[in-house]
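The values are calculated or read from the model by the stated rules, or taken from the named source; none is laboratory data. Here the structure is a predicted model, which is why all the values come from computation and not from measurement. Note that each Cβ is placed from the backbone with ideal geometry, even for glycine, and that neighbours are counted across all protein chains shown.
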Amino acid sequence: MTDIRIHVRASREYDVVIGKGLIAKVGQLVREAVPKATKILIVSETNVAPLYLDTVKGSLEGEGFEVEEVVFEAGEKSKNIDTIARMWGVMAKAGFTRTDAVVALGGGVTGDMAGFAAATFLRGIDVVQIPTSLLAQVDASVGGKTGIDLPEGKNQVGSFHQPSMVIEDTDCLKTLSPDKFTEGLGEVLKYAFIMDKELLKVLEIYEDKGNLQNDTQTLTDIVKACVADKVEVITEDEFDTGRRQILNFGHTIGHVIERDSNFTKDHGVCVAMGMGIIADACLAAGMTDKATHDRMISLIEAYGLPSGDGITPDEAVAGVMNDKKKRGNTISLIVVRNIGEAEICPMDPEGLRIFLSRR
Ligand code: GLY
């Protein structure tokens, strides 16, 4: 199987490279992405580092890079300024210059933080993303969103900082725990619902849904489709002022559920719940028909994800009002009335409360 390359035309142009066994070729690819770098900081976390850090480090050293590393405790709780300060400190101590680079090796939390450390160190150095989770491969690693959480909310501090390359090794998906794999499907389903009817068909007719994690060819096709969808959206709206907001389908309510669970519920699981809740509310409000609603709910559940949760409309509105995605007092809720077509639906808090109360 030859590697797939999807080119991104944003404020920085780069390739997303998708293939099997790319972890062993990281040195070569990073050399291509950041030819002037001599020092690399690998950022990883405690679940991923034991699996891939030695291989990635060896491959980078084989290419002549001097390699530093920061491995943080896995989980959303580490996504804070203290972990970023560790990264800045290691780079400062090792004498990194503006032509050196950071490599993010892990899931969404790793990519967001490594990207933010790179965006801010010396006012910005290169970052290469190596997403190892399904969620990060199909969504978080592409498009340049970086940042950290505050106690008040998720991703409240950050910047747009496009990577110099994204290296997606589909073999990494085999080592994910079944729960981590399934949460990634929440983001996959999102693309199918908001913009990709072909992907939706693939996911619907795929027979052995419980065995998808072991089917590398189908998974590669799915990852490629999702990345192509994301690239299409971010090429049109890199800075999230318009169409990119459709990628937040399920996220507005999902983020509230995630935070209320104290991050014990996975992001992709919360997105699935958020999409289910909006689908129910759209049906109740007469904004979609039953067939469209049932198609979305059945597919969410068929892939082992929950399509709802006991969040009350008041809890949802209170949580959403703390979310950075609101503009003034207006919430940009993403709704899908017809499969493959997402809409941005501006609502005030009372409008959202009434909308959610009908379901
Ligand atoms: N994950 C949504 C975005 O990148 O805009």
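In segment 42-61, which residues are among the aliphatic types (A, V, I, L, M) and either in contact with a Phe, Trp or Tyr (Cβ under 9 Å, 6 or more places away or on another chain) or more than 20 Å from residue 127 (Cβ to Cβ) (or both)?
Residues satisfying the conditions are 43, 51.
Which is modelled with pLDDT of 95 or more and in a strand (DSSP E or B), of 342, 281, 272?
Going through 342, 281, 272 in turn, the sole match is 342.
Between 51, 41, 22, 60, which is surrounded by fewer than 19 Cβ atoms within 10 Å (Cβ to Cβ) and out of contact with any His (no Cβ under 8 Å at 6 or more places or on another chain)?
Only one candidate passes the filter, namely 51.
Table: residues versus (1) of a type outside the set (Asp, Glu); (2) out of contact with any Ser or Thr (no Cβ under 6 Å at 6 or more places or on another chain); (3) under 30 Å from residue 152 (Cβ atoms).
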site: 3; (1), (2), (3): no, yes, no
site: 38; (1), (2), (3): yes, yes, no
site: 41; (1), (2), (3): yes, yes, yes
site: 54; (1), (2), (3): no, yes, no
site: 94; (1), (2), (3): yes, yes, no
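So the check is Cβ under 7 Å with 6+ separation or different chains; which pairs have a first residue in segment 293-322 that's among the aromatic types (Phe, Trp, Tyr) and a second one that's surrounded by 15 or more Cβ atoms within 10 Å (Cβ to Cβ)?
Within 7 Å, the pairs are 303/182; 303/185; 303/189.
Pick from segment 127-164 the residues that are among the β-branched types (Val, Ile, Thr) and buried (at least 23 other Cβ atoms within 10 Å of the Cβ): which of them is nearest to the ligand (Cβ to nearest atom)?
The extreme case among them is 142.
So residue 175 passes all but one of these: (1) more than 18 Å from residue 342 (Cα to Cα); (2) modelled with pLDDT of 95 or more; (3) of a type in the set (Val, Ile, Thr). Which condition number does it fail?
That leaves (2) as the condition not met.
Has segment 67-76 got any residue that is part of a loop (DSSP other than H, G, I, E, B) and under 15 Å from residue 155 (Cα atoms)?
Yes, there is a match, as at least one residue in segment 67-76 is part of a loop (DSSP other than H, G, I, E, B) and under 15 Å from residue 155 (Cα atoms).
Is at least one residue of segment 239-261 more than 12 Å from the ligand (Cβ to nearest atom) and exposed (fewer than 15 other Cβ atoms within 10 Å of the Cβ)?
There is at least one residue in segment 239-261 that is more than 12 Å from the ligand (Cβ to nearest atom) and exposed (fewer than 15 other Cβ atoms within 10 Å of the Cβ).
From 230, 209, 224, which residue is within 11 Å of the ligand (Cβ to nearest atom), touching a residue at least 60 places away in the same chain (Cβ under 8 Å) and within 24 Å of residue 172 (Cα to Cα)?
Working: 209 fails: within 11 Å of the ligand (Cβ to nearest atom); 224 fails: within 11 Å of the ligand (Cβ to nearest atom).
After applying the criteria, what remains is 230.
Within segment 35-54, work out how many residues are within 24 Å of the chain's Cα centre (by Cα) and assigned to a helix (DSSP H, G or I).
Looking only at that region, the number is 5.
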